[in-house]
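Okay, structure first, notes after.
Here, each number is a calculation from the coordinates, and none is a lab measurement. Since this is a predicted model, take the numbers as computed values, not measurements. Neighbour counts run over all protein chains shown; Cβ positions are idealised from the backbone, glycine included.
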Amino acid sequence: MKKVVIEGKEYVPTLFVIKKRKVKARGREYWQYYINVPKEIGEWVESQINTEFNAYPIVALIRPAEWYHILNWDEVGPYLKERLPQKIKKELQWLGFLKETE
């Protein structure tokens with residue numbers, strides 16, 4: 001699993017898919033949200049927790065992904081990296097996807 005270090009803390013950047021569906025309970029309608037977690041992330045979470053519980057508490061910092069969050073920046077050529085707007089470049093450096101010199 002690729003980890004990035006932001007302000008001294010390790011994070012695992014991962015793309016999650018959130019789905020919602022309408023459900024009825026006791027005569028009222030609600031939205032239920034489902035998050036599909038990649039298998040390797042799920043296995044890692046299970047290995048880190050105490051298995052006596054049936055639920056796994058997880059803290060996640062989540063925000064909607066932009067197009068530049070889902071690229072594999074190790075495989076992106078210098079042409080695109082040079083032409084990125086400064087705001088996007090700084091964000092990618094802060095997230096650990098780009099080196100400061102790029």
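Below are the figures for this structure:
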{"read-out": "Label-point separation in nm, GLU43 to ALA65, each point 7 Å along Cα→Cβ", "value": "2.0 nm"}
{"read-out": "Among GLU75, GLU91, GLU43: highest mean-square fluctuation, GNM of the chain, C-alpha pairs under 10 Å", "value": "GLU75"}
{"read-out": "Mean Cα-pair separation over length for the chain, i.e. relative contact order, pairs under 8 Å, 6 or more apart, %", "value": "23 percent"}
{"read-out": "Close Lys-Lys pairs in the chain, where close means Cα under 23 Å and separation is 8 or more or interchain", "value": "23"}
{"read-out": "Simple Cβ-charge dipole of the chain, Lys/Arg +1 and Asp/Glu -1, about Cα centre, in debye nearest 20", "value": "760 debye"}
{"read-out": "Calculated Rg/Rh (Cα atoms, Kirkwood Rh) (choose from [x] 1.24; [y] 0.95; [z] 1.07), label", "value": "[z]"}
{"read-out": "Most mobile of LYS39, LYS22, LYS81 in a GNM of the chain (Cα contacts under 10 Å)", "value": "LYS22"}
